[in-house]
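The next block holds one structure in the form of structure tokens; read it before the comments.
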């Protein structure tokens, strides 16, 4: 499936991924329309705020970077959102209406994100926006969404410290990702000392702050070092020497972007074999997508803390992975953010149907408690603070680029974007 | 050059160009565009400030600065700090652990405002800082460089390094600066909500007004002896030095002028767009600002405005319809402007359209003669880059250069 | 920070850190040599230098794939083939670019800067369109991975050594080329006094083209070497440019020794500071020191005599 073509259309009113699927969708909707005519609520009832809703369709917006440095990461989210929309349409749509989408390109440029979000809300009157990826893009979009009362479904795991009534955060926030993983390292692997290493910007810094508090105050263990390297930095020999010097039990890594590739290659070249687990490397920033660029053999043996891995063994995920590969190709990999993006349209649909309306204010009231049992990660539930209850999992990277799940929290982790005691 | 009464100037060719631009910006665009698109045009115009500054310091004086983003960003950050403080009153930030400070400081566990933020509670200080901080930095850099006769490529690379340094610092010190996210969620200016449509429209006109102010300042500089010295320095620096002028002082002046313009542009940008982030300071952003100037015509300050408008409009247009083609187009633009029309659109205009104008306005020969001296400095004549030291006799000196 | 270690441990730590510094040094040398040659010859900064490096890296990627599919038994030696190919391809493209663009822009170094920036945009987007926006992973043969155990505590990564050997070979090769060959003599003549050189019959245009191609070729080899230690993606070249420019400018134009000295100084300063401080601060401090020194001595460390 040539997704670059699709992605190349900055604005595409798209319904499907090919003629066959469109026909199927058409057939399904015709059938549903004729059989469920009476059940489709009137537009005037479900849309009192002037959103782009007709008797047959509802329009949503997709806002990601398909050009620029972030394109590598965000394309997966676009694919996932489109897949979800297709599947929803094939099963009858939302409140009997087929979903159409307007796709805009944020171009890895934050003012462009703000500009496009304003366009989506004011000119296209979309009922929901699935988008943003970096915190910076979300921050740029936030005032616009709040000013025009839109609803953004944001997929990336992030640092927390935010709770907007106009955003649903489908990715984990920092405490969900970090606390359970450090506990696991301490209990299961007997770790006593941690070396915190990240790229120099808000997400790693905030994550390490939380990690440090947990390690030192809650667990009484040691932090042997905390370091940051500028985004785009590529020479890690010095920090590798420091690590060899201090011999921490765990390296807690939140390096992102191109630095990731350089870091793991150089670690491997320095003779550090992660499968020995001396030190053990625990990361919160390497998903299956990143491994594609780094190379499976360079990260063999590292552990990652995410809520989703492509190798999760449950019926939902098997269907999801199969559908994704059928749509986009057999060599696709699916990382945590991609799955979180997939959740967005489904959660929106659930909220709309529960509220019986597309109005933002009405669906907002219904968010708390909405469950999605068909989530590829198993099960999620929306919390009042607009984040998701989800399980945290630890996976060990295999040479083929997939993760083997070695640990899963028994309970769902409660999202806590403003954690007491960690601030 | 003596101009007769200012009113008569409007009837000269040069005056008409300015009037045409004014009509375009003040009448045609606001009528033709909805507030959303008008706001975008306002954003493009803020880049024009930087482009005008570059015309002065690069086109005329031959100093290529690849770090104008630094000054743009500094002006923008000053304004953003003021607006952010205003939006972070203790009442508005009651849910924070430390009310009364910006949100990003709170979640970086700062408990009080850093000292260098304090003065930005005052609007008048902010206005001074918007121009003062970039000018101060430009002065320091310019003094260090120009008194030692650093120029050309060296200077350009150093400005790049400074842009890189500032970007790393701002991103790293996120408690003080907002980091990579920048300073967002700006709401009111002295109580006036800047996010409404009317406010945006008013800000657009303010921006246009400031732009014309800068244009007039630039024109003033270029038409006086000062402007001629700059052009002379560009062509033959040593001769200007031997004639007794302090070349370094002039270079510092024009570099600071360009920095001041960029700072004003940055502040307007913050007001119009509603936030400021380090992505406008870096190397890529700074080099893009050069292309606005180059496309419009590096010797024409009016051309700079058109260049900024056109390139940004093309960028938005392309990225909506053909996002993958835009980098190719921009790269081709860089190369084309340098190779094919080094004097940009203004140069093309001069070559092709001006003769037509002459024919049409034959009867205005009188006014034309008067306009000629005023135009001479604005005329895009090919400028020789500084030639290498070892062959001072072989250069493209030509008698008709001013 | 040094308590609790025996003196032999401390010695090994310093040894490894010294090696890390040398490693960084060779990386800088590789990056900067190609650019220094072009800058010295024509006073031009090639802003597309990073993209030429990445072209070398992509060539290595393709060669690696080719060997894996068609010549798996020879996979161990593919890297040498890749480096040669990288050199040739980048040199060819460099010559083409010079013929197309650069030669029209003599006496206008600032314009060349802009034109080559445009070229870098085009090359980046071309990579994105051809290879995809994602980074590609380059498989290395077994013998290149891992480390050599010198003593109990001192381990030297093999690819670091490899990069050093490549850097050394190229530096030596360039030295011999510039100072011991006919071509080199012509290059130096043109650099010192172009009109006289032309007057004695040297084809300065041809020399320029060859030099530009040589500089781009070296960039390609550098890129090939960096696949071992860094990422290969459309915008990976951007990470190297500021450092490369600073090394070249700091060393002084027209002086290859200056480039090497400057690379040594900057790399040692940076890696030492990284060891004691954090990465970001080390980078900022290094940049500040370099800029500061440049402000005091703008012609760089070792430049030809210029009249002040």
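The values are calculated or read from the model by the stated rules, or taken from the named source; none is laboratory data. Everything quoted here is computed from the prediction, not taken from an experiment. So basically every Cβ, Gly included, is an ideal-geometry build from the backbone, and we count neighbours across all protein chains shown.
Structural remarks
- Check on residue B:170, under 16 Å from residue B:116 (Cα atoms), in a helix (DSSP H, G or I) and in contact with a helix residue (DSSP H, G or I) (Cβ under 6 Å, 6 or more places away or on another chain): yes
- Qualifying position, being within 30 Å of residue C:16 (Cβ to Cβ) and at pLDDT 90 or above, among C:137, C:160, C:173, C:118: C:173
- Test for residue A:394: is it in contact (Cβ under 8 Å) with a residue 24 or more places away in the chain, in a strand (DSSP E or B), crowded, with 17+ Cβ neighbours inside 10 Å and in contact with a helix residue (DSSP H, G or I) (Cβ under 8 Å, 6 or more places away or on another chain): yes
- For residue B:15, the criteria (1) within 24 Å of the chain's Cα centre (by Cα); (2) at pLDDT 85 or above hold in every case but one, which is (2).
- Boolean, residue B:160 is closer than 30 Å to residue A:149 by Cβ, touching a helix residue (DSSP H, G or I) at 6+ places or on another chain (Cβ under 7 Å) and within 14 Å of chain C (Cβ to nearest Cβ): no
- Within the stretch A:61-105, being within 30 Å of residue B:269 (Cβ to Cβ) and either away from chain C (no Cβ under 14 Å) or modelled with pLDDT of 90 or more (or both) holds for A:61, A:62, A:63, A:64, A:77, A:78, A:102, A:103, A:104.
- Some residue of the stretch B:285-293 being over 23 Å from residue B:134 (Cβ atoms) and either modelled with pLDDT of 85 or more or not in a helix (DSSP H, G or I) (or both): no
- Only residues that are at pLDDT 85 or above and either within 26 Å of residue C:82 (Cα to Cα) or within 7 Å of chain B (Cβ to nearest Cβ) (or both) were counted in the stretch C:95-113, giving 6.
- Single residue of B:240, B:254 found to be touching a helix residue (DSSP H, G or I) at 6+ places or on another chain (Cβ under 9 Å), buried (at least 23 other Cβ atoms within 10 Å of the Cβ) and outside any loop (DSSP other than H, G, I, E, B): B:254
- Scope the stretch A:348-364; condition touching a strand residue (DSSP E or B) at 6+ places or on another chain (Cβ under 6 Å) and over 13 Å from residue A:53 (Cβ atoms); matching residues: A:349
- Inclusion of residue C:79 among residues that are away from chain B (no Cβ under 14 Å) and either farther than 28 Å from residue A:294 by Cα or under 21 Å from the mean Cα position of the chain (by Cα) (or both) is warranted.
- Take the conditions (1) over 20 Å from residue A:286 (Cβ atoms); (2) assigned to a helix (DSSP H, G or I); residue A:321 misses just one of them, which is (1).
- The one condition in (1) surrounded by fewer than 20 Cβ atoms within 10 Å (Cβ to Cβ); (2) more than 23 Å from the chain's Cα centre (by Cα); (3) modelled with pLDDT under 85; (4) within 12 Å of chain A (Cβ to nearest Cβ) that residue C:144 fails to fulfil: (2)
- Condition check for residue B:149: surrounded by fewer than 24 Cβ atoms within 10 Å (Cβ to Cβ) and touching a residue at least 12 places away in the same chain (Cβ under 8 Å): yes
- Count - residues of the stretch B:43-63 that are more than 12 Å from every other protein chain (Cβ to nearest Cβ) and more than 18 Å from residue B:259 (Cβ to Cβ): 1
- When the residues of the stretch C:195-207 are filtered to those that are out of contact with any helix residue (DSSP H, G or I) (no Cβ under 6 Å at 6 or more places or on another chain) and assigned to a helix (DSSP H, G or I), the one that is nearest to the other protein chains (Cβ to nearest Cβ) is C:195.
- Sole exception among (1) out of contact with any helix residue (DSSP H, G or I) (no Cβ under 8 Å at 6 or more places or on another chain); (2) modelled with pLDDT of 90 or more; (3) in a helix (DSSP H, G or I) for residue A:45, by number: (2)
- Residue that is within 23 Å of residue A:235 (Cα to Cα), modelled with pLDDT of 85 or more and outside any helix (DSSP H, G or I), where the choices are C:47, C:1: C:47
- Residue within the stretch B:179-188 that is more than 11 Å from chain A (Cβ to nearest Cβ), farther than 30 Å from residue A:200 by Cβ and in contact (Cβ under 8 Å) with a residue 60 or more places away in the chain present: yes
- Scanning the stretch B:271-291 for residues that are touching a strand residue (DSSP E or B) at 6+ places or on another chain (Cβ under 9 Å) and within 11 Å of chain A (Cβ to nearest Cβ), we see that the one that is surrounded by the fewest Cβ atoms within 10 Å (Cβ to Cβ) is B:275.
- Each residue in the stretch A:373-391 was checked for being assigned to a strand (DSSP E or B) and surrounded by fewer than 20 Cβ atoms within 10 Å (Cβ to Cβ), and 2 of them qualify.
- Test: residue in the stretch C:265-279 that is surrounded by 23 or more Cβ atoms within 10 Å (Cβ to Cβ) and assigned to a loop (DSSP other than H, G, I, E, B): no
- Condition check for residue C:218: in contact (Cβ under 8 Å) with a residue 60 or more places away in the chain, surrounded by fewer than 24 Cβ atoms within 10 Å (Cβ to Cβ) and away from every other protein chain (no Cβ under 14 Å): no
- The single condition from (1) surrounded by fewer than 16 Cβ atoms within 10 Å (Cβ to Cβ); (2) part of a helix (DSSP H, G or I); (3) over 22 Å from the mean Cα position of the chain (by Cα) that residue C:168 fails is (3).
- Checking the stretch B:228-235 against the condition returns a match, with at least one residue being assigned to a helix (DSSP H, G or I), without any contact (Cβ under 8 Å) to a residue 60 or more places away in the chain and either within 14 Å of chain A (Cβ to nearest Cβ) or within 30 Å of residue B:348 (Cα to Cα) (or both).
- With respect to the conditions (1) over 14 Å from the mean Cα position of the chain (by Cα); (2) over 27 Å from residue A:205 (Cβ atoms), residue B:81 falls short on a single one, namely (2).
- Residues of the stretch C:236-252 classified as crowded, with 24+ Cβ neighbours inside 10 Å and more than 29 Å from residue C:147 (Cβ to Cβ), total: 8
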